[in-house]
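Only one structure is covered here, and it is reproduced in the block below.
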Amino acid sequence: MTDMKIEINNIKATQEQQAHTLAKEENHHYIIEDRVKSMEQVNTYLENENFELKEQFLRLQTHSMKYNLIFSGITEQDNESKEDTESNVHRLRPRNDGKPRNIIAKFSKYDDHQRVIRVVPAKLRHKSRYSVQQQYPAEINDRRRALVPKLKEFQRARRNAKIVYDQLIVDGQPALKDKNTRLHDVNCGKYNLNGEELYGTMIAEHI
């Protein structure tokens, strides 16, 4: 009988030890789980911070290009040289399609820049080989280019559609919101990007 009690006590002790070990393991698991969640939160925060910094940088780049227009389709002359143009007008890199290199012009007055933008639609209506467009950073150009098919769809449907910065605006409202991007303020505040429209027949090749 005594031996049986000893055996039972040993079994109880073993069970208690196992229960204690299991509790420690569970607690350790919860600690690891909490740490993983914390790391995920930090990672999400850093990703958001990186995204916002990148977008701010793109907006600053865009603002620095505010006075710039890109002219496409203008034939190059064999004897063309830098001396033939002003210091704020020059050709961009050669194009892959063999067409004349685009010309970038920086206006000293924003009113002159806007005056050119306003007359472009009428002046180039029947001259599809030419286009005049606002200069943007490469990534913004890519975003705008991706919106062109949808822009044309809305225009064919006789909707009031235009591209403002990197957003498609239809009847005064943002029309698309990609799950991998975020809508920007259409007015863009101090960057004065509101009201800028896509003109010409092609997206200008970026620098």
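The values are calculated or read from the model by the stated rules, or taken from the named source; none is laboratory data. Given the structure is predicted, the values throughout are model-derived calculations rather than measurements. Neighbour counts run over all protein chains shown; Cβ positions are idealised from the backbone, glycine included.
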Boolean, Glu40 is in a helix (DSSP H, G or I), closer than 19 Å to Tyr165 by Cβ and within 26 Å of the chain's Cα centre (by Cα): no
Condition check for Glu16: surrounded by fewer than 10 Cβ atoms within 10 Å (Cβ to Cβ), at pLDDT below 85 and not aromatic (Phe, Trp, Tyr): no
Pairs needed: first member in the range 90-119, in contact (Cβ under 8 Å) with a residue 60 or more places away in the chain; second member anywhere, exposed (fewer than 13 other Cβ atoms within 10 Å of the Cβ) and of a type outside the set (Ser, Thr, Tyr); C-beta distance under 9 Å; at least 6 residues apart or different chains. Asn102/Arg93; Asn102/Arg95; Ile104/Asn88
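Looking at Arg101, Arg129, Arg35 in this structure, which one is more than 21 Å from Arg143 (Cβ to Cβ) and touching a Pro at 6+ places or on another chain (Cβ under 9 Å)? Give the derivation first.
Numbers: Arg129 fails: touching a Pro at 6+ places or on another chain (Cβ under 9 Å); Arg35 fails: touching a Pro at 6+ places or on another chain (Cβ under 9 Å).
Just a single option satisfies the conditions, and that option is Arg101.
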Looking at this structure, is Glu153 among the charged types (D, E, K, R), in contact with a helix residue (DSSP H, G or I) (Cβ under 7 Å, 6 or more places away or on another chain) and surrounded by 11 or more Cβ atoms within 10 Å (Cβ to Cβ)? no
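Do we have Gln56 as of a type outside the set (D, E, K, R), at pLDDT below 90, part of a helix (DSSP H, G or I) and surrounded by 10 or more Cβ atoms within 10 Å (Cβ to Cβ) here?
Working: of a type outside the set (D, E, K, R): yes; at pLDDT below 90: no; part of a helix (DSSP H, G or I): yes; surrounded by 10 or more Cβ atoms within 10 Å (Cβ to Cβ): yes.
Answer is no for this residue.
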